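First comes the structure, then the notes that go with it.
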Amino acid sequence: MAGRLQPVLAGVVTALVGFASSFTVVLAGLRAVGADPVQAASGLLTLCVASGCCAVWLGLRHRLPLAIAWSTPGAALLVATGPVPGGWPAAVGAFLLTGLLIIAAGLIPALGRAVAAIPGPVASAMLAGVLLPLCTAPVRALVEVPRLAGPVVLVWLLLHRFARRWAVPGALAVAVMAIALTTSGPARLDLAPVVTLTAPAWTLPAVVGLALPLFLVTMAAQNVPGTAVLAGYGYRAPLGSALRVTGLATALGASAGGHAVNLAAITAALAAGPDAHPDPDRRWIASITAGIGMALLGLGAGAATTLVLLSPPVLVEAVAGLALLAALAGAVSAAVARPETREAAVVTFVVTASGVSLLGIGGAFWGLVAGCLMLLLFRRRPAVAPPPAAAPPADPDGRPEVGPDLAASHRQG
């Protein structure tokens, strides 16, 4: 019994941390691309149930701690993109196309290789540009609503120092208390789970400016790091199977407002690490428990949405920004790590973070295009090898004489 209790508790913690750390990002993203409060609550519920079902199915099938989550960077991309031509139905169509692309990546290895061929610094810079507007929200909140934001940021700092995994949930709890104390009149919480279906529509700006960047961000910032986290704990993730299952869940949940489901990257270590169970063969229980917990937490999507509506928008964005600071730091570090691609990465970051919209297509796509063009324009040609020098005369023992210049080159090498 004790052997089962530890992974179950780890799964409960994984679900709580995963939900509380970023549900505000999801709601902000869905509202940004045109969802009304009911549609946003439906999207959050759908993502929770879809993540839970995928985690349970994959965990039972492969007996591996495959934690599943929504795409938090993808939700941040929705915030950065904003309304798309065609409104909410066009956004739903982009979600459906994203799911189909993820399924295709699981079925066609060449597509996965094509995504992997995008230069890493450029992809990281695009992600950093997407995250930057949300990550500046805590600063804006401290200026606009200091009495509400100050305690939130202070609690986040203290918990980040002494209990890092609970930093964002703790900050969220303080924000909830601040909202409860400052909201005039009783608020009616709609606790009943609601699923609202929207027929998808397709527009070229939504396909190019939302679906493709959402697919790339989900693959590069969630699925690939998720497999790396598992590999760090000695597990070989069945990536093809995971992509097919999560892609199908994304496609099926698109009409209900779910934007993307994928392998967990941020909370994956909670279910796959030794804290889940000393025996690596028993840690899959943690991921299954996390999936069940996430599905149950989705039943409170209506209350979570009502809470967000009661608070100042900048305060909600501040909590979301605190949750994404670590992801921003990792993206910036990866983007500028290589000197030869640093300028292209900076161009990608600047264009993406500018939030420009050209031809109805958001800045994430144009940032990716600008970075790749920079790489092509300033790509260094391989140095031409100098003509071979004449062989030096041999010494009496048959070994070539080493002159001063050649000896110096040997010392330098």
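The values are calculated or read from the model by the stated rules, or taken from the named source; none is laboratory data. Everything numeric in this text was worked out from a predicted model, so none of it was measured. Cβ coordinates were reconstructed from backbone atoms using ideal geometry, including for glycine residues, and neighbour counts include every protein chain displayed. All accessible areas refer to the heavy atoms of the entire protein, side chains included, with ligands and DNA or RNA removed. Shrake-Rupley method; radii C 1.70, N 1.55, O 1.52, S 1.80 Å.
Of the conditions (1) hydroxyl-bearing (Ser, Thr, Tyr); (2) open to solvent by 10 Å² or more (accessible area, probe 1.4 Å); (3) within 27 Å of residue 90 (Cα to Cα), residue 246 fails just one. Which one is it?
Among (1) hydroxyl-bearing (Ser, Thr, Tyr); (2) open to solvent by 10 Å² or more (accessible area, probe 1.4 Å); (3) within 27 Å of residue 90 (Cα to Cα), the lone unmet condition for residue 246 is (2).
Hey, among 69, 114, 50, which residue is assigned to a helix (DSSP H, G or I), out of contact with any Pro (no Cβ under 6 Å at 6 or more places or on another chain), open to solvent by 10 Å² or more (accessible area, probe 1.4 Å) and at pLDDT 90 or above?
It is 50.
Could you grab me the full set of residues in segment 117-144 that are open to solvent by 40 Å² or more (accessible area, probe 1.4 Å) and among the β-branched types (Val, Ile, Thr)?
118, 136, 139, 143
Exactly one of (1) open to solvent by 10 Å² or more (accessible area, probe 1.4 Å); (2) in contact with a helix residue (DSSP H, G or I) (Cβ under 7 Å, 6 or more places away or on another chain); (3) not aromatic (Phe, Trp, Tyr) is unmet by residue 5. Its number?
(2)
Any residue at all in segment 315-333 that's farther than 30 Å from residue 370 by Cα and acidic (Asp, Glu)?
Narrowing segment 315-333 to residues farther than 30 Å from residue 370 by Cα: 315-316, 319.
Adding the requirement that they be acidic (Asp, Glu) leaves none.
There is no residue in segment 315-333 that is farther than 30 Å from residue 370 by Cα and acidic (Asp, Glu).
For segment 313-413, list the helices (runs of 4 or more DSSP H) that sit wholly inside it and hold at least 3 residues that are open to solvent by 100 Å² or more (accessible area, probe 1.4 Å) and either over 26 Å from residue 122 (Cβ atoms) or modelled with pLDDT of 50 or more (or both); which are they?
Fully inside segment 313-413 and qualifying: 363-377, 404-412.
Any residue at all in segment 95-102 that's touching a residue at least 60 places away in the same chain (Cβ under 8 Å) and closer than 21 Å to residue 334 by Cα?
No; the residues of segment 95-102 include none that is touching a residue at least 60 places away in the same chain (Cβ under 8 Å) and closer than 21 Å to residue 334 by Cα.
With respect to residue 337, is the statement that it is over 26 Å from residue 211 (Cβ atoms) and of a type outside the set (Phe, Trp, Tyr) true?
Against the criterion (over 26 Å from residue 211 (Cβ atoms) and of a type outside the set (Phe, Trp, Tyr)), residue 337 qualifies.
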